[in-house]
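Structure record follows, encoded as structure tokens.
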Amino acid sequence: MKQMFLLLAVLTLSMSAGAKDKAMSGTIVSENSVPCGSEAKGKKQTIQLMCQEYVLRTDATEYHVRQEKEAHKEMIPVNAPAEMTLSKDKMKFKVNGKSYEMLVVSESAAPAATAPAPAAAKP
């Protein structure tokens with residue numbers, strides 16, 4: 001009985017360890033500067049801190065991600081392909097060979113692809 005319990009525990013742990021985050025591919029579709037806090041400067045003056053927020057689109061989902069630390073200032077090119085993995089509220093992705101880790105702010109269904117306009121009838 002004890003061996004059966006041990007075997008079951010080992011199988012459960014190995015299955016959960018093998019279920020790594022699945023890699024996805026997508027594209028960075030936009031970048032916006034958004035307020036992400038404030039900093040005191042002097043006794044009565046505060047400065048609004050700005051962070052970059054990116055929209056990464058996969059086939060079915062759009063992820064809004066924001067830099068985790070204000071110090072991370074490097075701009076990521078828009079319309080660049082990205083390989084990403086999602087883990088809880090963080091996303092790790094690679095763009096042009098560089099790795100980034102950002103917080104997932106929100107996610108939504110990707111907009112449906114618009115169908116091309118029908119061709120005009122020829123007389």
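The values are calculated or read from the model by the stated rules, or taken from the named source; none is laboratory data. As the structure is a computational prediction, the values presented were derived from the model and not from experiment. So basically every Cβ, Gly included, is an ideal-geometry build from the backbone, and we count neighbours across all protein chains shown.
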Output for the range 101-110, where each listed residue is in a strand (DSSP E or B) and touching an Asp or Glu at 6+ places or on another chain (Cβ under 8 Å): Glu101, Met102, Leu103, Val104, Val105, Glu107, Ser108, Ala109
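Can you tell me which residue among Ser14, Ser25 is modelled with pLDDT of 65 or more and either surrounded by 10 or more Cβ atoms within 10 Å (Cβ to Cβ) or assigned to a loop (DSSP other than H, G, I, E, B) (or both)? I'd like the intermediate steps shown before the answer.
Working: Ser14 fails: modelled with pLDDT of 65 or more.
None of the others qualify; the one that does is Ser25.
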Some residue of the range 45-56 being over 24 Å from Asn96 (Cα atoms) and modelled with pLDDT under 80: no
The range 33-73: number of residues that are of a type outside the set (Ser, Thr, Tyr), loosely packed, with under 11 Cβ neighbours inside 10 Å and over 18 Å from Val104 (Cα atoms): 8
